[in-house]
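The values are calculated or read from the model by the stated rules, or taken from the named source; none is laboratory data. Everything numeric here is computed off the predicted structure, so don't read it as measured data. When we count neighbours, we look across all protein chains shown, and the Cβ atoms used for this are built from the backbone with ideal geometry, even at glycine.
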Amino acid sequence: MLSYLFSNPVLFFVYLIALLVAIAVHEFSHALAADYLGDPTPRLAGRLKLNPFVHIDGMGLLFLLFFGFGWGKPVSFDPFNLKNPRRDAAVISLAGPISNFILAIVLSLALSLTSAHFLLAPMISLNIILGVFNLLPIHPLDGFKIVGGLLSDEKAREWYQLERYGIIFLLMLIFPFGSSSMLDLIIRPVVSLILKFLIPSPAAGII
């Protein structure tokens with residue numbers, strides 16, 4: 001993405017804005033779900049806002065720009081404020097990716113009614129990438145807690161023992177082998193399939 005800064009500065013800023021919007025919507029949705037389920041922690045921390053700068057982690061953003069992989073500022077919640085901590089944690093986690101998919105669908109409908117491919121296609125793409133990536137069942141991604149919320153108590157205890165190895169698994173997926181990584185091989189076909197439905201040609205090439 002950073003290469004666009006020198007080859008196409010306008011496109012770089014379009015992607016940057018799209019990235020900030022996707023992260024803000026994702027993290028805000030976590031905060032909103034937690035607040036709805038009875039935990040005021042995100043609201044008290046000022047996270048119940050769509051302001052991107054509330055949800056951006058500086059180091060995570062730099063990693064995104066330079067390496068194509070990064071993170072937003074995680075939304076903290078207190079499980080003791082939840083009626084069913086494991087189930088509700090799964091709902092809170094699911095809210096992030098779902099919000100990205102919903103936003104991508106809305107933007108796709110807008111794209112079908114306008115000719116703003118240059119602005120909307122990057123936003124659709126980044127929301128789908130962020131949503132799919134976060135559904136991977138690896139800690140600290142959302143998919144890990146989503147799976148934990150679907151399991152029985154006994155299986156969930158076994159599942160959460162894998163939490164300590166999450167970063168190792170994630171680094172193994174991200175580490176490049178040749179021209180790509182295992183992460184790219186896993187999520188690119190899924191992302192490409194979804195984008196075929198959401199971004200009509202010729203905008204489908206803008207990823």
Do you know which residues across the stretch 190-207 are in a loop (DSSP other than H, G, I, E, B) and at pLDDT 75 or above? ILE199, PRO200
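Can you spot a residue in the stretch 32-39 that is within 16 Å of the chain's Cα centre (by Cα) and either modelled with pLDDT of 95 or more or charged (D, E, K, R) (or both)?
Yes: the stretch 32-39 contains one or more residues that are within 16 Å of the chain's Cα centre (by Cα) and either modelled with pLDDT of 95 or more or charged (D, E, K, R) (or both).
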Out of the stretch 95-106, which residues are free of Cβ contacts under 8 Å to residues at least 40 places away in the same chain and touching a helix residue (DSSP H, G or I) at 6+ places or on another chain (Cβ under 8 Å)? PHE101
If HIS30 meets every condition in (1) assigned to a helix (DSSP H, G or I); (2) in contact with a Leu (Cβ under 8 Å, 6 or more places away or on another chain); (3) under 16 Å from LEU130 (Cβ atoms); (4) not aliphatic (A, V, I, L, M) apart from one, which number is that one? (2)
Considering each of SER108, SER93 in turn, give the residue that is surrounded by 17 or more Cβ atoms within 10 Å (Cβ to Cβ) and in contact with an Asp or Glu (Cβ under 6 Å, 6 or more places away or on another chain). SER93
Qualifying positions in the stretch 30-87 - over 19 Å from LEU16 (Cβ atoms), in contact with a Gly (Cβ under 8 Å, 6 or more places away or on another chain) and exposed (fewer than 13 other Cβ atoms within 10 Å of the Cβ): LYS83
Counting only residues in the stretch 62-90 that are in a helix (DSSP H, G or I) and charged (D, E, K, R), the one nearest to GLU158 (Cα to Cα) is identified as ARG86
